[in-house]
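Heads up: the structure comes next, in structure tokens.
The values are calculated or read from the model by the stated rules, or taken from the named source; none is laboratory data. Owing to the predicted nature of the structure, the values given are computational and were not obtained by experimental measurement. Backbone-built Cβ (ideal geometry, glycine too); neighbour counts: all protein chains shown.
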Amino acid sequence: MHMKSLLFSLTTVFLFAGCQESVFQSLKKGDELFVLEGLPHPVRENSSFEKEKKRNDVIQVEDHWFYDRKVKASEEIHNPLMNLLFDESGFHMPDSNSPPKDCGPFHPDYAIIWNSDGGVNYLMVCYTCAEAKLIKEGRSETYEVNVNKMNSLMNLLADFQANRPS
């Protein structure tokens, strides 16, 4: 009887451990991180957005607009940013019973970029709706970001504002 309960316990542990897949499993501690700055909000700041979108130095990534200046995260920002991304406690899947957010369409303020397995990964962060969208290999997954994690991301990413009108 003891063996059966041990076997059941081990099976349960392995089953649930397999479900604990990392949100950013493609991210490795040694990866270089880059940041793209997003254009103004297309609804709330529409006139600025339309003006900025006409610039020659903007790009579109998965229907989202960014300034084309990809900036490498310096060493002093790289490590705290990695720590935030590896601590998944602040990221969770949206609850299907939650009411829709009143912030308009998802609009990334910044995108954090890294390369893995020959592909580019984008973690797009929207301050307004407190969400992050991971885009890799043509697929995207949206996560809600808790207040503490979002505040930390905002503090770290503030140094990357260079083009967006204040």
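Listed residues Phe160, Phe86; which is in contact with a strand residue (DSSP E or B) (Cβ under 6 Å, 6 or more places away or on another chain) and surrounded by 11 or more Cβ atoms within 10 Å (Cβ to Cβ)?
Numbers: Phe86 fails: in contact with a strand residue (DSSP E or B) (Cβ under 6 Å, 6 or more places away or on another chain).
Criteria check complete, one pass: Phe160.
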Ile59 vs. criteria among the hydrophobic types (A, V, I, L, M, F, W, C) and buried (at least 17 other Cβ atoms within 10 Å of the Cβ): no
Please go through (1) at pLDDT 90 or above; (2) at negative phi for Ala130 and return the number of the only condition it doesn't satisfy. (2)
Looking at segment 90-110, can you tell me whether even one residue there is outside any loop (DSSP other than H, G, I, E, B), over 12 Å from the mean Cα position of the chain (by Cα), surrounded by fewer than 19 Cβ atoms within 10 Å (Cβ to Cβ) and of a type in the set (D, E, K, R)? no
Among the residues of segment 115-165, count how many are touching a helix residue (DSSP H, G or I) at 6+ places or on another chain (Cβ under 9 Å) and of a type in the set (Val, Ile, Thr). 3
Could you check, for segment 124-133, whether at least one of its residues is part of a helix (DSSP H, G or I), buried (at least 17 other Cβ atoms within 10 Å of the Cβ) and touching a Pro at 6+ places or on another chain (Cβ under 7 Å)? no
For segment 27-70: of the residues being assigned to a helix (DSSP H, G or I) and in contact (Cβ under 8 Å) with a residue 40 or more places away in the chain, which is nearest to Gly104 (Cα to Cα)? Ser48
Given the conditions (1) crowded, with 17+ Cβ neighbours inside 10 Å; (2) touching a Leu at 6+ places or on another chain (Cβ under 7 Å); (3) at pLDDT 90 or above; (4) not in a strand (DSSP E or B), every one holds for Trp114 apart from (4)
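Does Phe49 satisfy the criteria of being more than 17 Å from Val120 (Cα to Cα) and either modelled with pLDDT of 95 or more or in contact with a strand residue (DSSP E or B) (Cβ under 6 Å, 6 or more places away or on another chain) (or both)? Lay out the reasoning, then the answer.
Working: more than 17 Å from Val120 (Cα to Cα): yes; either modelled with pLDDT of 95 or more or in contact with a strand residue (DSSP E or B) (Cβ under 6 Å, 6 or more places away or on another chain) (or both): yes.
Yes.
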Give the residue, chosen from Val23, Val35, that is closer than 18 Å to Ala132 by Cα and at pLDDT 90 or above. Val35
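This table checks each residue for (1) at pLDDT below 95; (2) touching an Asp or Glu at 6+ places or on another chain (Cβ under 6 Å); (3) closer than 17 Å to Asn121 by Cα; (4) polar (S, T, N, Q).
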residue: Arg55; (1), (2), (3), (4): no, no, no, no
residue: Glu75; (1), (2), (3), (4): yes, no, no, no
residue: Met82; (1), (2), (3), (4): yes, no, yes, no
residue: Lys101; (1), (2), (3), (4): yes, no, no, no
Find all pairs meeting these conditions: Cβ atoms under 7 angstrom apart; at least six residues apart or on different chains; first residue within segment 136-148 and in a loop (DSSP other than H, G, I, E, B) and surrounded by fewer than 18 Cβ atoms within 10 Å (Cβ to Cβ); second residue modelled with pLDDT under 90 and not β-branched (Val, Ile, Thr). Glu137/Gly119; Asn146/Gly90
